[in-house]
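The numbers here are math on the coordinates, done by the rules we state, and not lab data. Owing to the predicted nature of the structure, the values given are computational and were not obtained by experimental measurement. With ideal geometry, Cβ positions are generated from the backbone for all residues, glycine too; neighbour counts draw on all protein chains shown.
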Amino acid sequence: MVLLCASTSPTISIPHPLFSPLKPPATFLCHSSKTSAVTASSPTADQTPSSSSLSDQLLPLSLTLLTSQPTSPSATVAPPPRLPAKPTWTNPSKPRPTVLALRRQPRPPFSHNPSLRPLTALSRTLRLSPDLPSALSAAFPPGHSPSRDDALLLLNSLRSWQKSLQFLDFLRSLPDFPLDTIFYNVVLKSLRAGHQWHHVERLAGEMIDASVPLDNITYSTIITAAKRCRRFDGALRWFERMYRTGLMPDEVTYSAVLDVYARLGHREEVVTLYERACASGWRPDAVAFSVLGKMFGEAGDYDGIRYVLKEMKDLGVKPNAVVYNTLIQATGKAGKPGLARSLFEEMVAAGLSPNEKTLTSLIKIYGKARWSRDALELWERMKSNRWPMDFILYNTLLSMCADLGLEEEAEKLFEDMRRPDRYARPDSWSYTAMINIYGSGGKPDRAVKMFEEMLEKGVELNVMSCTCLIQCLGKARRIGDAVRVFETATERGIRPDDRLCGCLLSVAAVCEEGGETDMVLGCLKKANNRLVGLLKMLRDEQVGFGEIKDEFRGIMNEAAVEVRRPFCNCLIDICRNQGHPSRRANELLHLGNLYGLYPGLHARKSEEWSLDLRSLSVGAAKTAFEEWMKSLWDSVVEEEEVLPFSFSVYTGSGTHKFSQGLASSFTSHLNQVAAPFRQVEEKCGSFVASKEDLVPWLRATFSPAVVNA
DNA sequence: TTAGGGTTAG
């Protein structure tokens, strides 16, 4: 029996959803293996190669701690663990491998310093001093070294990593000063606050060189510093070093590392580590469950969240406010607003007060789910219970109003923020939300007014407010104004991002051919010249599909995942609206499908085939419909497939601000081509046709006699 | 906030 069952071999079939294969990486269009978030490691004395595989990471553990166990790589493949049952150790003659110390590192009680008052004055002087080394020399002339406790207290109060390092140098210069682990730990913490990963590693190396022991507090500080600097490779390297040097992590260090793996998206490793710690006798605490809950939320893994809830219940761990906040947010990310709501009610019923973070998460969830009633009820409760509000919560409420189209409520909130006694003054997020509200409500004048007010009041401009306003002006066909907003933004140092590029593409799609389009493409050229290049290729009859495909893939790989489909939609719209070669729209739709931008477009049940157009733009929807009809005609001609009794098309009802108009545009398209689809009366945005009606229409539309005529 | 881990906005 192999106890180190850490293999992540993809060939093992794993029954529980927690162990399902990881989702495809964000760079799925690319054939390279650039999927790891692990950054390059910096050189240290005890560097080991960073790896994303747990078996590699823990190999030293298996060598140092599990010497009685087989350690050859081939022997590390074990039957997959099953959840939620705890691993059972089938060989009682062998001791359980221990992966963490069950007792936390003890901390001596803080020793109260009798000379606190004069020290407070000195710590203030040192904190404010522009020249710390001189100030220290003045305060502690030769022969008057600070006591250990005084030095520790002063070091703790400096609030600047540079000064912490200088203070450490000063202590080092004193004869016989007992510079122990604690001093280094305090400086490491200060370096962590300053995001100084390089100095953290350097200082830890100095501890090793000077034979100052590294303890659990040292390691947990180093590991969280690495995390804060997004140097996950470094975090794992130092964690591994603990085992190699014979120091057992305690639960604080261990849960810090669980979070590192979680942030890397290595969920299987997290679960394995979690289970192994439990098997060592660990009773996980709220922090560990918070890490697990957040991880499953990020992955949209509802089963994982339920697993966390069940584990807590089984182990009798009561969630605290942080755990509730994490789980509420996680359920939102997993697309389960109902569970978020019940967790919130459970939290309140348990006597825990929701804080700003709880309410921010919940309001955001209700807004995204378009649960107006719940959102408004919660808002009322917030007011009547005087639950705490901060500017993030205000802004989230405003964004929720934008999602739900609650213009009046948003205006009230915004006015409330402008009251002079409010500390939550409107900032760029608040203005963006208001521009968004007016933009999606078709009120470009008001949106422009908000933007101008933002500029007048010196509120820092951000890319999102410009994007929302340009979008709104584009929809209103005020192309010149949209271009001016873009120019103002870039003049003020706004760097266009992918969303803004997508927005410019959508504006280009509604432009008149010629001057208007050229103006918008002039903006786009400054933001993403490659997109303008692709548009030129699409326009050029001579450019072949292979070239288009290569460039399309290159652009999509460079683009953020969430803009890829909008990019493709807009490109199709431009091709259709601007007189590009007629095959281009179909080519782009084909590429979009090829690269998985339109999952679930087609569905087939025995009695009905359907086309779900809800994530498509108007042009892309028409293209997809045409393609579908052609493919159905092929089926009729080839008689290879038995057609179902009915066919349906979904456009969505247009309640979402981004899908507005698809249902009505599609209706007119159906009328134009006289297709026999009828809108389902009780279901807005749903169209059906029977086989009886559709086949004659297909014949009339696509049969060679008609096409050649 | 006194040497260590987990939670808020397009």
Lysine pair number, Cα distance threshold 28 Å (strictly under), region A:346-458, separation 8 or more or different chains: 18
Nearest-20 debye value, region A:255-388 charge dipole, Cβ charges on Lys, Arg, Asp, Glu: 420 debye
Share, in percent, of DSSP beta bridges within region A:603-708 that are antiparallel, nearest 5: 65 percent
Calculated FRET efficiency for the pair residue A:353/residue A:487, C-beta based, R₀ 51 Å, to 0.05: 0.60
Stretchable slack from residue A:593 to residue A:525, in nm (0.36 nm times residue separation minus alpha-carbon distance): 21.8 nm
Three-way shape call for region A:666-709 based on the alpha-carbon gyration tensor, with the a/c threshold at 1.5: oblate
Region A:312-356 residues near the modelled residue A:385 label - backbone nitrogen below 15 Å, point 7 Å along Cα→Cβ: A:321-322, A:324-325, A:328, A:340-356
Greater than 26 Å apart at Cα, pairs in A:227/A:336; A:333/A:475; A:310/A:336: A:227/A:336; A:333/A:475
Number of Lys pairs (Cα under 24 Å; 8 or more positions apart or on different chains) in region A:603-708: 11
Within straight-line cross-link reach of residue A:294, aspartates and glutamates at Cα separation under 19 Å, skipping those fewer than 8 residues along the same chain: A:251, A:259, A:268, A:269, A:275, A:285, A:303, A:311, A:346, A:356
Per-residue ³J(HN,Hα) for region A:149-158, Karplus 6.51 cos²θ - 1.76 cosθ + 1.60, θ = phi - 60°, Hz, x for Gly and Pro: 5, 5, 4, 5, 5, 5, 4, 5, 9, 6
Computed lengthening from residue A:228 to residue A:195, 0.36 nm per intervening residue step minus Cα-Cα distance: 11.2 nm
Distance from region A:473-506 to region A:554-581 (C-alpha centre basis), Å: 17 Å
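I'd like the FRET efficiency for residue A:673 and residue A:449, computed as 1/(1 + (r/R0)^6) with the beta carbon distance as r and R0 of 51 Å, rounded to 0.05.
0.75
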Region A:603-708: relative contact order as a whole-number percent, Cα under 8 Å and 6+ apart: 28 percent
Lys/Arg +1, Asp/Glu -1 at C-beta; region A:148-406 dipole; positive extreme among A:291, A:337, A:302: A:337
Shape call, region A:289-385: gyration tensor on alpha carbons, a/c limit 1.5: oblate
For region A:489-502, 3J(HN,Hα) per residue [Karplus equation, 6.51 cos²θ - 1.76 cosθ + 1.60, θ = phi - 60°, Hz, x = Gly/Pro]: 4, 5, 4, 8, x, 6, 9, x, 10, 4, 5, 5, 4, x
Nearby lysines by direct alpha-carbon distance to residue A:526 (threshold 18 angstrom, same-chain neighbours under 8 apart not counted): A:536
FRET efficiency for residue A:137 and residue A:703, using Cβ-Cβ distance with R0 set to 56 Å, rounded to 0.05: 0.05
Difference of contour (0.36 nm per residue) and Cα-Cα distance, residue A:690 to residue A:462: 77.0 nm
Debye equation applied to the C-alpha atoms of region A:603-708, log10 I(q)/I(0) at 0.21, 0.24 Å⁻¹: -1.15, -1.43
Set of lysines near residue A:163 by C-alpha distance (under 21 Å), chain-local residues within fewer than 8 positions excluded: A:189
Charge dipole (debye, nearest 20) of region A:537-681; +1 at Cβ of Lys and Arg, -1 at Cβ of Asp and Glu: 560 debye
HN-Hα J in Hz across region A:122-137 - Karplus 6.51, -1.76, 1.60, θ = phi - 60°, x for Gly and Pro: 5, 5, 5, 4, 5, 4, 8, 5, x, 10, 5, x, 5, 4, 5, 4
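When ranked by the protection proxy of mean other Cβ atoms within 10 Å per residue, highest first, what sequence do the peptides A:373-385, A:623-635 form?
Packing order, densest peptide first, comes out as A:623-635, A:373-385.
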